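Chemist: Structure in structure tokens, see below.
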Amino acid sequence: MPSYDNLRATDPQVFAAYQGEAARQQDGVELIASENYISPAVMEVMASVFNNKYAEGYPGHRYYGGQQFTDAVETLAIERAKELFKCEHANVQPHAGAPANIATYFALLEPGDTVLGMDLSHGGHLTHGHPVTYMTKIFHFVRYKMKDIETGALDYDLMRETAKKEHPKIILVGYSAYPRIPDFAKVQTIANEVGAITMADMAHVAGLIAGDAHPNPFDSGFDIITTTTHKTLRGPRGGMILCREQGDIAKKIDKSVFPGFQGGPIMQMIAAKAVAFGEALKPEFKVYAHQVVKNAKHMAKHFMGRGARLITNGTDNHCMLIDCVKSWNMTGHDVETLLDRIGITLNKNMIPDDPRKPMDPSGIRIGTPAITTRGMKEPEMEKLVEFMYDAIAKKTDDSALIRLYEEVKQFCRQFPVPGT
């Protein structure tokens, strides 16, 4: 673990919090599907001199001088992103995934235009048109769902029917809690029928796509992909927009990101994106991406073998969604809180058409990216399921839970967290 002597001397309170978080990560199991561990190289450049430099504009077209090195790292990030995702244009400046989506909307839509996206309760994301978001005050969002919750098949008939009725300018495929793989070709066919732009929000599966463990929407003709750069991609927290050069989509997106939506890019994060993309281009990253999926499938199989009810009865990607009420007669909130006590972190999550509220839903979401980064494989997936079932069986026994926490801690110390 780095010493952080300067932080220790300057701000003991923040240093104490840092030490606590580092220990929590090393001694616990991270099963939140949207979390991962960055490499020491990515971490180093995030805390670098690039933080000190304003770089408004794009490489070769900045508003301030002294940009030769910021131009170099941003160009590296762009070229590596294009190679990773087999696309013609990349904007690596979005600060996060939500700003990437919002900048894309403003690039391509006029107020009142329609977007057809996946319903949040069936695995979509807040930025795909949930009524609590500000974007719904500007644009018109309509939704599609799964047709069969047992298999996870999307309702393409409903999608086509809604598209013909609502005439969306964008058809959006993306999700934050969907365990299956959409049929991107079918979506593209529907979009062609109604003259819509196709957009994929691949934030959760970007690393799987980069590692050839998940289909690339561009291969089916999609126009735009937005993504975060952390999660399965194992980069810094940030966003990115990828697109074709056709027409003026790329120019519109660049102008929408800057100066339309953001000011200066966060250059240390862009440098870190370049490093992470370089890591993802290496052969070992493909091995990692495929192991993420293998681990998720194996864990899902083991859960179902113990009687748990999984939404879609399994997974094709990195995550799974479990109905806790039907599996264990507990809410997702209760399971999250219980497993926290033994050092296993996951998140409560709504299940399709959940009758319960978001802060006390029926389900939990589990993902394998972080534990795979630590080197865990199929045997460890079985052990983790056993830990969770032991905790549920002993949920009222405080002494047993304390002992179980120690077991989890000893188990975790066999798999170091990168950079610690």
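The values are calculated or read from the model by the stated rules, or taken from the named source; none is laboratory data. Note that the structure is a prediction, hence the values are computed from the model and not measured. We place every Cβ from the backbone using ideal geometry, glycine too, and count neighbours over all the protein chains shown.
Chemist: What is the number of the single condition among (1) within 23 Å of residue 411 (Cβ to Cβ); (2) surrounded by 12 or more Cβ atoms within 10 Å (Cβ to Cβ) that residue 42 does not meet?
Modeler: Among (1) within 23 Å of residue 411 (Cβ to Cβ); (2) surrounded by 12 or more Cβ atoms within 10 Å (Cβ to Cβ), residue 42 violates only (1).
Chemist: Of the conditions (1) buried (at least 21 other Cβ atoms within 10 Å of the Cβ); (2) among the basic types (Lys, Arg); (3) touching a Ser or Thr at 6+ places or on another chain (Cβ under 8 Å), residue 80 satisfies every one except a single condition; which number is it?
Modeler: Looking at each condition in turn, residue 80 falls short on (3).
Chemist: Would you pick out the residues in the stretch 120-132 that are surrounded by fewer than 16 Cβ atoms within 10 Å (Cβ to Cβ) and over 17 Å from the mean Cα position of the chain (by Cα)?
Modeler: 131, 132 - these are the residues of the stretch 120-132 that are surrounded by fewer than 16 Cβ atoms within 10 Å (Cβ to Cβ) and over 17 Å from the mean Cα position of the chain (by Cα).
Chemist: Still on this model: Looking at the stretch 340-354, which of its residues are surrounded by fewer than 24 Cβ atoms within 10 Å (Cβ to Cβ) and not in a loop (DSSP other than H, G, I, E, B)?
Modeler: 340, 344, 345, 347, 348
Chemist: State the number of residues belonging to the stretch 50-64 that are part of a helix (DSSP H, G or I) and touching a residue at least 12 places away in the same chain (Cβ under 8 Å).
Modeler: So in the stretch 50-64, the residues part of a helix (DSSP H, G or I) come out as 50-52.
Narrowing further to those that are touching a residue at least 12 places away in the same chain (Cβ under 8 Å): 50-51.
Going through the stretch 50-64 one residue at a time, the tally reaches 2.
Chemist: How about the stretch 106-119: which of its residues are in contact with a strand residue (DSSP E or B) (Cβ under 8 Å, 6 or more places away or on another chain), surrounded by fewer than 23 Cβ atoms within 10 Å (Cβ to Cβ), of a type outside the set (S, T, N, Q) and modelled with pLDDT of 95 or more?
Modeler: Step one: list which residues in the stretch 106-119 are in contact with a strand residue (DSSP E or B) (Cβ under 8 Å, 6 or more places away or on another chain), which gives 108-109, 112-119.
Pick out the ones that are also surrounded by fewer than 23 Cβ atoms within 10 Å (Cβ to Cβ) and you get 108-109, 112-114, 119.
Pick out the ones that are also of a type outside the set (S, T, N, Q) and you get 108-109, 112-113, 119.
Passing the criteria: 108, 109, 112, 113.
Chemist: Find the strands (runs of 3 or more DSSP E) located wholly in the stretch 90-163 whose residues include 2 or more that are touching a helix residue (DSSP H, G or I) at 6+ places or on another chain (Cβ under 6 Å), and list them. Before the answer, list the steps.
Modeler: On the way: elements: 114-118, 140-144, 146-148.
Passing ranges, in order: 114-118, 140-144.
Chemist: Working only within the stretch 232-285, note down all residues that are farther than 25 Å from residue 110 by Cα, within 17 Å of the chain's Cα centre (by Cα) and not hydrophobic (A, V, I, L, M, F, W, C).
Modeler: 232, 234, 235, 236, 237, 238, 273, listed by residue number.
Chemist: Being of a type in the set (A, V, I, L, M, F, W, C), modelled with pLDDT of 95 or more and more than 24 Å from the chain's Cα centre (by Cα) is true for just one of 72, 81. Which residue is that? First the steps, then the outcome.
Modeler: Details: 81 fails: more than 24 Å from the chain's Cα centre (by Cα).
Unique residue meeting the criteria: 72.
Chemist: Pick out the one residue from 326, 357 that is outside the structural domain of residue 207 (by TED's automatic domain parsing), part of a helix (DSSP H, G or I) and of a type in the set (Lys, Arg). Lay out the reasoning, then the answer.
Modeler: On the way: 357 fails: part of a helix (DSSP H, G or I).
The conditions single out 326.
Chemist: Only residues that are in contact with an Asp or Glu (Cβ under 6 Å, 6 or more places away or on another chain) and outside any helix (DSSP H, G or I): list them for the stretch 286-317, please.
Modeler: 309
Chemist: Right, here's the next one. Hey, could you check the stretch 127-143 for residues that are aliphatic (A, V, I, L, M) and modelled with pLDDT of 90 or more and say which is nearest to residue 117 (Cα to Cα)?
Modeler: 142
Chemist: Taking the residues in the stretch 365-420 that are over 27 Å from the mean Cα position of the chain (by Cα) and assigned to a loop (DSSP other than H, G, I, E, B) as candidates, determine which candidate is surrounded by the fewest Cβ atoms within 10 Å (Cβ to Cβ). Give the steps one after another, and end with the answer.
Modeler: Of the residues in the stretch 365-420, the ones over 27 Å from the mean Cα position of the chain (by Cα) are 390-407, 410.
Pick out the ones that are also assigned to a loop (DSSP other than H, G, I, E, B) and you get 394-397.
Numbers: 394: 16, 395: 18, 396: 7, 397: 12.
Looking at the filtered set, the residue picked out is 396.
Chemist: Scan the stretch 282-297 for residues that are farther than 22 Å from residue 384 by Cα and basic (Lys, Arg) and jot them down.
Modeler: Quick first cut of the stretch 282-297, residues farther than 22 Å from residue 384 by Cα only: 282-286.
Answer for the stretch 282-297, where residues must be farther than 22 Å from residue 384 by Cα and basic (Lys, Arg): 282, 286.
Chemist: Another question, then. Within the group 32, 78, which residue is assigned to a loop (DSSP other than H, G, I, E, B) and either assigned by TED's automatic domain parsing to the domain that holds residue 299 or among the aliphatic types (A, V, I, L, M) (or both)? Quick ask: steps written out before the conclusion?
Modeler: Details: 78 fails: assigned to a loop (DSSP other than H, G, I, E, B).
It is 32.
Chemist: Scan the stretch 292-315 residue by residue and report those that are under 24 Å from residue 374 (Cα atoms) and surrounded by 21 or more Cβ atoms within 10 Å (Cβ to Cβ).
Modeler: Taking the stretch 292-315 as the starting set, the residues that turn out to be under 24 Å from residue 374 (Cα atoms) are 292-303, 314-315.
Those that are under 24 Å from residue 374 (Cα atoms) and surrounded by 21 or more Cβ atoms within 10 Å (Cβ to Cβ): 292, 293, 295, 296, 299, 300, 303, 315.
Chemist: Output the residues belonging to the stretch 143-167 that are β-branched (Val, Ile, Thr) and buried (at least 16 other Cβ atoms within 10 Å of the Cβ). Walk me through it before giving the result.
Modeler: Of the stretch 143-167, the ones β-branched (Val, Ile, Thr) are 149, 151, 162.
Across the stretch 143-167, the qualifying residues are 149, 162.
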